[in-house]
Structures are given as structure tokens and as C-alpha cells.
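The values are calculated or read from the model by the stated rules, or taken from the named source; none is laboratory data. None of the values given here were measured: they were computed from a predicted structure. Glycine gets a Cβ as well: all are built from the backbone with ideal geometry, and neighbour counts include every protein chain shown. To get the accessible areas, we keep the full protein, side chains included, count just its heavy atoms, and leave off ligands, DNA and RNA. Shrake-Rupley method; radii C 1.70, N 1.55, O 1.52, S 1.80 Å.
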Amino acid sequence: MNFTTIAVIGAGQMGQGIAQVFATAGYKVILNDIDSAAIERGIATLKRSLAKLAEKDLLNESAELISGRIKGSTDFSALISAQLVVEAATENEQLKHKIFSQLDKICPPSTILATNTSSISITRLAASTERPEKVIGLHFMNPVPLMKLIEVIRGLQTDDQTYQGVLQLADKLNKIAVTSQDRPGFIVNRILMPMINEAIFTLYEGVASAEEIDQAMKLGAAHPMGPLALADLIGLDTCLSIMQVLYEGFSDSKYRPCPLLKQMVDAGYNGRKSGRGFFDYD
Ligand code: CAA
């Protein structure tokens, strides 16, 4: 499959990271968001990331050449030139359905529609389009430029050509693809989120402080960062959405989101992006 232009929907922390890795691999990228300020912030952040990677001599080209391949746009009709669209909007199923049906109307029938959802059913999203065989899950990990994995999720309807096309693409991005069946949370979040949720319960029940919980998991289980700092990095609103998908998807109380997680989200303490989560970020 020959991709030259790739569109990314959503300029948040995942969308801008995804745009960065596609541009680094030589693709032209359209970074789309409804909010032009979000696009500007996203491009500024990815430029900082590229500058850091350039400092460490980890890029094959100049950071400027790479970021020059990314064009921001608030206009959905600009997506017509993309052979692949990767949706990385907020983790909200209704919103994703709306985006997918809009994309389906605008993009040529051959365009692959991928989603970076971390837990929502690909089969259901595919069913909201007239091209369910061209819909697939491409789940990147945060921080996207540093993490090697892409989870690839086939919906029940996804055809082999689409699947093989994205596997080849993952290779070009210098990432490792692991395929998951379309089940709530796929592989990574099915395992990671209950661990993070349990860390939040551990804090909620007063077993230890946030610092102690994270220190224990870093030194005792060799995690590169503690589960509460990781929750702050992912975003507490995203963690809560994923726990809700697991809870409802499996109808199993073992996935019950911790009340403290819900309260933090209600308070707007969404982690790094809001300046405050389990830790403070000034
Ligand atoms: N771009 C470029 N460089 C970056 C970067 C980025 N986006 N983010 C961090 N770095 C750099 C830092 O600047 C730092 O550089 P220096 O050494 O020159 O200062 C270097 O990477 C290391 O960073 P830190 O010193 O801050 O900390 P670290 O050594 O712990 O590494 C980490 C950071 C790579 C994030 C590491 O802690 C880690 O792997 N954490 C776990 C991340 C993880 O589990 N991600 C998956 C989350 S799950 C998910 O994403 C799926 C979902 O659906 C929710």
C-alpha cells in the first residue's frame, strides 16, 4: 500500500506525537483539530520533542525538515488528499462515531480510517461507516516518539489488505506492531489500567503516600515511572474513560474505577496537562 499523505485528527498529546513520528518517517502530514490554538500548541510541542531528539543525534534529517512536512488545518475537507487518516480525538465513543461518519463522507473510498482509541470497540466504530473493511485500530503509546509499540486491532470486518498495509507502515515508523483481538482495553490497557486503578485504591485507602507508592513500584518492580506519575502522564480523564470501558465492556466489578479517580477528574485534576494530578506540575 502506498501512503504519501497521512492525516491525524486531534492535536492533543497523542495526535501531535503521532504526527511527529509519521513526519519523521518521511510522510506528509495534515494535523487536523477543531481548535487552531490546539494545533499551534501541538506543533510547538512536537518541535521541542524533535529538537531534543536532534540534540541526541537520533534523527536522520534536520528537525526543521521533519516539522516542515506537517501542516495544521481546521478544515475537514483538507483530509481528502490523505490515503490514511488516524483519529486521535478525545476518548469518547459518541464523538468518535461522529468523526468516523464525517470522515466516511469526505474521504475517497480507498482511504483507510484508523483510530488511536485505547479501548473502544473497533468493530462498533467500523459499523458507523460505509467502509467497515477499511477501518482498523492503530494504538500508539505515550510518549509516542519514544515508545516502540503499536497495538494493531482488527475489527470483525477489517480486511487483510488494510491489516497488512498498516503492519508495513508500523515497520516504516520503526515501531513494533503487536496484534490484539478487538476486546475492551485490547492488551496494554487491559493489563496496565487495572494496575494504575489499584495504585489509586492503594492511595485512597491510605496504605501509603503517592510518593511512596511510586517509589515502591519503581524500585520494587523496576517500572520506569511510578503508576501514579504514569496516570498523570496519560491523563486522569483518559484513565477514567478506559476503566469505564473495561467495567462496562466486561460487566465485571473488578474493573470498578476508584472513587478517588472519579473525584480527581470531577475536580479537573487531570494530570500533567492540567498542571495537577497526583503530583503538581508547575
Ligand atoms: N520526545 C523527546 N524526548 C523525550 C520525550 C518526548 N516526547 N519525552 C521524554 N523525553 C526525554 C526526556 O527529555 C529525557 O531526556 P534527557 O535524558 O536528555 O533529559 C529522556 O527522554 C528521559 O526522560 P526522563 O528523564 O523524564 O524520564 P525517564 O528516563 O523515566 O523516561 C519515559 C521517560 C520514556 C516516559 C519513561 O519513564 C517511560 O518509559 N515511562 C513509561 C511510559 C509508559 O508506560 N507509556 C505507556 C503508557 S500507556 C499508553 O500510552 C496507552 C494508553 O492508551 C493510555
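On the principal axes of its alpha-carbon atoms, the range 218-271 has extents of 34, 25, 15 Å, going from largest to smallest.
Ranking 100, 70, 166 by how far each Cα lies toward the positive end of the dipole of the range 56-171 (charges on Cβ) leaves 100 at the top.
The alpha-carbon of residue 254 sits under 27 angstrom from the alpha-carbons of these lysines, leaving out residues fewer than 8 places away in its chain: 96, 218, 262.
Once both labels are positioned 7 Å from their Cα atoms along Cα-to-Cβ, the gap between residue 95 and residue 34 label points is 0.8 nm. The listed residues 22, 201, once ranked by accessible area (1.4 Å probe) with the largest placed first, stand as 201, 22. Using only side-chain charges placed at the Cβ, +1 for Lys and Arg and -1 for Asp and Glu, the dipole size of the range 56-198 relative to its Cα centre rounds to 40 debye.
Is there a quick way to get the dipole size of the chain? I mean about its Cα centre, with the Cβ of Lys and Arg at +1 and of Asp and Glu at -1; what is the value in debye to the nearest 20?
Numbers: 27 positive and 31 negative charges, 94 e Å.
Using Cβ point charges on Lys, Arg, Asp and Glu, the chain gives about 460 debye.
For residue 161 and residue 130, the FRET efficiency from 1/(1 + (r/R0)^6), where r spans their Cβ atoms and R0 equals 25 Å, is about 0.90. Dimensions of the chain based on its C-alpha atoms, expressed as ranges along the principal axes with the largest first, amount to 54, 45, 32 Å. Positive-end ranking of 250, 222, 238 along the dipole of the range 197-256, with charges on Cβ about the Cα centre, is headed by 250.
Please give the contour-minus-distance gain from residue 211 to residue 80: 0.36 nm per residue of separation, less the Cα-Cα distance, rounded to one decimal in nm. Before the final figure, lay out each step's value.
Numbers: separation 131, 0.36 × 131 = 47.16 nm, distance 4.81 nm.
Gain in length upon complete extension: 42.3 nm.
Distance from the C-alpha centroid of the range 158-224 to that of the range 81-120: 22 Å, rounded to the whole angstrom. Here's the picture: charge each Lys and Arg Cβ at +1 and each Asp and Glu Cβ at -1 in the chain, and of 268, 5, 206 the one pushed furthest to the positive end of that dipole is 5.
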